[in-house]
């Protein structure tokens, strides 16, 4: 289904996920220490209250990303902007990568904490290096559309187009 713009729900979920991921990014540093303590390592210097907060926010990100997928299917998305085929491919790959990484990181984080601690390094890779690279590409793409191409791509994720 193709739409003229994103719905208010799609826009709200986009920015909610952004805020939650930023929260995890800035508060998640102590999770490595808490994780090691929870799995038999030395006691952590970080307050243990951060563990359930981190897990709850991660589950909220997972739920929001899954809801976003449902909304993409039921409400559609605006058509991609006309641009060079290589840029179209890159934009699609970055969006797919963001969905896969955010959903995958939440699932891998849960698996690492509760069942398979050996996955902790993969979770950290997914939320630090991979997510940062995808976010940077996404942000540069938004700046490209706003200041170079000067189209409405950025406006579509700010103002509902229904």
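The values are calculated or read from the model by the stated rules, or taken from the named source; none is laboratory data. The structure presented is a predicted model; accordingly, all values stated were derived computationally and were not measured. Don't worry about glycine lacking a Cβ; one is built from the backbone with ideal geometry, like all the others, and counts go over all protein chains shown.
Taking the conditions exactly as written (over 14 Å from residue 14 (Cα atoms), in contact (Cβ under 8 Å) with a residue 60 or more places away in the chain and surrounded by 12 or more Cβ atoms within 10 Å (Cβ to Cβ)), does residue 151 satisfy them or not?
yes
Name the one entry in 112, 133 that is farther than 21 Å from residue 9 by Cα, modelled with pLDDT under 95 and either in a helix (DSSP H, G or I) or touching a helix residue (DSSP H, G or I) at 6+ places or on another chain (Cβ under 9 Å) (or both).
112
Select, from 56, 60, the only residue that is in a helix (DSSP H, G or I), more than 24 Å from residue 136 (Cα to Cα) and modelled with pLDDT of 95 or more.
Only one candidate passes the filter, namely 56.
State whether the residues of the stretch 71-83 include one that is without any contact (Cβ under 8 Å) to a residue 24 or more places away in the chain, surrounded by fewer than 14 Cβ atoms within 10 Å (Cβ to Cβ) and part of a loop (DSSP other than H, G, I, E, B).
Yes, some residue in the stretch 71-83 is without any contact (Cβ under 8 Å) to a residue 24 or more places away in the chain, surrounded by fewer than 14 Cβ atoms within 10 Å (Cβ to Cβ) and part of a loop (DSSP other than H, G, I, E, B).
Could you please let me know if residue 119 is closer than 30 Å to residue 30 by Cβ, under 17 Å from the mean Cα position of the chain (by Cα) and at pLDDT 90 or above?
Taking the combined requirement at face value, the residue does not satisfy it.
Given the structure, is residue 69 under 16 Å from residue 104 (Cα atoms) and at pLDDT 80 or above?
Criteria met by residue 69.
Looking at residue 79, is it modelled with pLDDT under 90 and closer than 26 Å to residue 160 by Cα?
Criteria met by residue 79.
Considering only the stretch 7-51, state which residues are assigned to a loop (DSSP other than H, G, I, E, B) and either in contact with a strand residue (DSSP E or B) (Cβ under 7 Å, 6 or more places away or on another chain) or at pLDDT 85 or above (or both).
Listed by number, the residues that qualify are 7, 49.
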